[in-house]
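Have a look at the structure below before the remarks.
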Amino acid sequence: MDHLHLLLILLSSMVVAVSAANGTTGEQDVDFCSPTSLASRIHLSCVEEKKNLFLCCQAVIAAVDMGGDVPCLCRVVAERRLIADGLSANDLLMLFVQCNAVRPGGANLEVDCAAHAR
């Protein structure tokens with residue numbers, strides 16, 4: 001991965017963090033959630049290249065932390081790539097915890113994405 005691509009990923013993560021710190025609404029967060037892109041990043045860095053923990057954690061944390069009317073996490077695990085990998089919302093939440101990520105109030109391990117199924 002080239003430095004420019006890594007820089008863009010870091011900058012997008014910082015924009016999300018600033019949005020969360022400023023208390024933006026869930027509706028605005030949806031614009032930042034790119035389920036197909038995040039699912040691809042999770043597949044590549046967490047499944048195929050298991051040694052790339054930094055990029056794996058970065059993608060998982062982004063998927064878990066972005067909200068919206070339909071949580072980003074639910075939209076990401078509904079992508080074909082992660083369905084084929086057999087990854088669920090709970091699997092990603094476990095990775096989130098393994099990445100030592102902290103959410104205000106803790107990660108909600110009771111995420112029920114079935115309620116948001118299309």
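The values are calculated or read from the model by the stated rules, or taken from the named source; none is laboratory data. From a predicted model like this one, the values you see are computed outputs, not experimental measurements. Reconstructed Cβ throughout: ideal geometry from the backbone, glycine too, with neighbour counts over all protein chains shown.
Please report, ordered by residue number, the helices (runs of 4 or more DSSP H) entirely within segment 11-71 with at least 1 residues that are at pLDDT 85 or above, buried (at least 21 other Cβ atoms within 10 Å of the Cβ) and touching a Ser or Thr at 6+ places or on another chain (Cβ under 7 Å). Spell out how you get there, then give the answer.
Details: elements: 26-32, 35-42, 53-65.
In segment 11-71, the matching helices (runs of 4 or more DSSP H) lie at 53-65.
Could you count how many residues in segment 85-101 are part of a loop (DSSP other than H, G, I, E, B) and of a type outside the set (S, T, N, Q)? Outline the logic, then answer.
Step one: of segment 85-101, the residues part of a loop (DSSP other than H, G, I, E, B) are 86-88, 99-101.
With the extra rule that they be of a type outside the set (S, T, N, Q), the set shrinks to 86-87, 99, 101.
Count: 4.
Restricting to segment 76-87, give me the number of residues that are in contact with a helix residue (DSSP H, G or I) (Cβ under 6 Å, 6 or more places away or on another chain), surrounded by fewer than 23 Cβ atoms within 10 Å (Cβ to Cβ) and closer than 13 Å to C113 by Cα. Show your work before the answer.
Of segment 76-87, the ones in contact with a helix residue (DSSP H, G or I) (Cβ under 6 Å, 6 or more places away or on another chain) are 76-77, 79, 81-82, 85.
Imposing the further condition that a residue be surrounded by fewer than 23 Cβ atoms within 10 Å (Cβ to Cβ) reduces the set to 79, 81, 85.
So of that shortlist, the ones also closer than 13 Å to C113 by Cα come out as 79.
Residues that pass the stated criteria total 1.
What's the number of the condition R75 fails, among (1) over 14 Å from the mean Cα position of the chain (by Cα); (2) modelled with pLDDT of 90 or more; (3) not small (G, A, S)?
(1)
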